[in-house]
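J.: Structure incoming, see below.
The values are calculated or read from the model by the stated rules, or taken from the named source; none is laboratory data. Only a predicted model underlies this, so the values are computations on that prediction, with no experimental measurement involved. A quick note on method: Cβ atoms are made from the backbone with ideal geometry, for glycine too, and the neighbour counts reach across all protein chains shown.
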Amino acid sequence: MDCMVDKRMKAAFLGALGLALAVSPVLLVFVPQRAAGTDELMKSLPAYTQYKCLICHTTQSPTPQLHRLNPFGEDFLANGKAWNRTLALLNSDGDRCSNGSEIGDRDGDGVFDDGEEARENSNPGNSADCTAPISQATWGIIKEIFNQEIRQDMGLDPDHDSSSYFP
Ligand SMILES: [Ca+2]
Ligand SMILES: [Ca+2]
Ligand SMILES: [Ca+2]
């Protein structure tokens, strides 16, 4: 009797194993795989750590089956998959920011603009995302405008009052 149970279990195990081996090629086809080349191409951009695949693709996890490009990805492809001045000066997604401004390298020389972190300011492939970086010089201008406004609102002479409300 025990022997009969063992034989049935062995047959069931072998049957399951056979089925698994038979469908494994099918499973490999349907299990999402990462699009080949995406990681290497991404690393050719000056910055990619914030948006990663979404810089060029319409999905965060592109696969060989689903890897549609966004407007920046299309321009990157048309530019020979190279980051340079030509691509930096384009505004692929049609917002107010050039690709270089969004990536943080306005002139496309591969070197980040002064005072900027080595990360994207906004996504060059998403027209709803356009953030201008605030450099030290820009911040100085903003402070001066606010200080002038406050001095004028308080009735102080902006030419002779040097008080500043921003450090
Ligand atoms: Ca743009
Ligand atoms: Ca630069
Ligand atoms: Ca954008």
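J.: Consider D75 carefully, then state whether it is outside any loop (DSSP other than H, G, I, E, B) and within 19 Å of S101 (Cα to Cα).
T.: Against the criterion (outside any loop (DSSP other than H, G, I, E, B) and within 19 Å of S101 (Cα to Cα)), D75 qualifies.
J.: What is the one condition in (1) loosely packed, with under 14 Cβ neighbours inside 10 Å; (2) within 16 Å of ligand 2 (Cβ to nearest atom) that R106 does not satisfy?
T.: Of the numbered conditions (1) loosely packed, with under 14 Cβ neighbours inside 10 Å; (2) within 16 Å of ligand 2 (Cβ to nearest atom), the odd one out for R106 is (1).
J.: Related question: Among the residues of segment 127-145, count how many are modelled with pLDDT of 80 or more and either within 16 Å of ligand 1 (Cβ to nearest atom) or among the aromatic types (F, W, Y) (or both).
T.: Summing the residues that are modelled with pLDDT of 80 or more and either within 16 Å of ligand 1 (Cβ to nearest atom) or among the aromatic types (F, W, Y) (or both) in segment 127-145 gives 5.
J.: Right, something else. Quickly run through segment 55-86 and pick out the residues that are under 17 Å from R119 (Cα atoms) and within 15 Å of ligand 3 (Cβ to nearest atom).
T.: Once the filter is applied, which keeps residues that are under 17 Å from R119 (Cα atoms) and within 15 Å of ligand 3 (Cβ to nearest atom), segment 55-86 yields I55, C56, F72.
J.: From the list G73, G100, G94, which residue is buried (at least 18 other Cβ atoms within 10 Å of the Cβ), touching a residue at least 24 places away in the same chain (Cβ under 8 Å) and of a type in the set (G, A, S)?
T.: Answer to the check: G73.
J.: Does Q60 meet the test of being exposed (fewer than 12 other Cβ atoms within 10 Å of the Cβ), in contact (Cβ under 8 Å) with a residue 12 or more places away in the chain and assigned by TED's automatic domain parsing to the domain that holds G108?
T.: no
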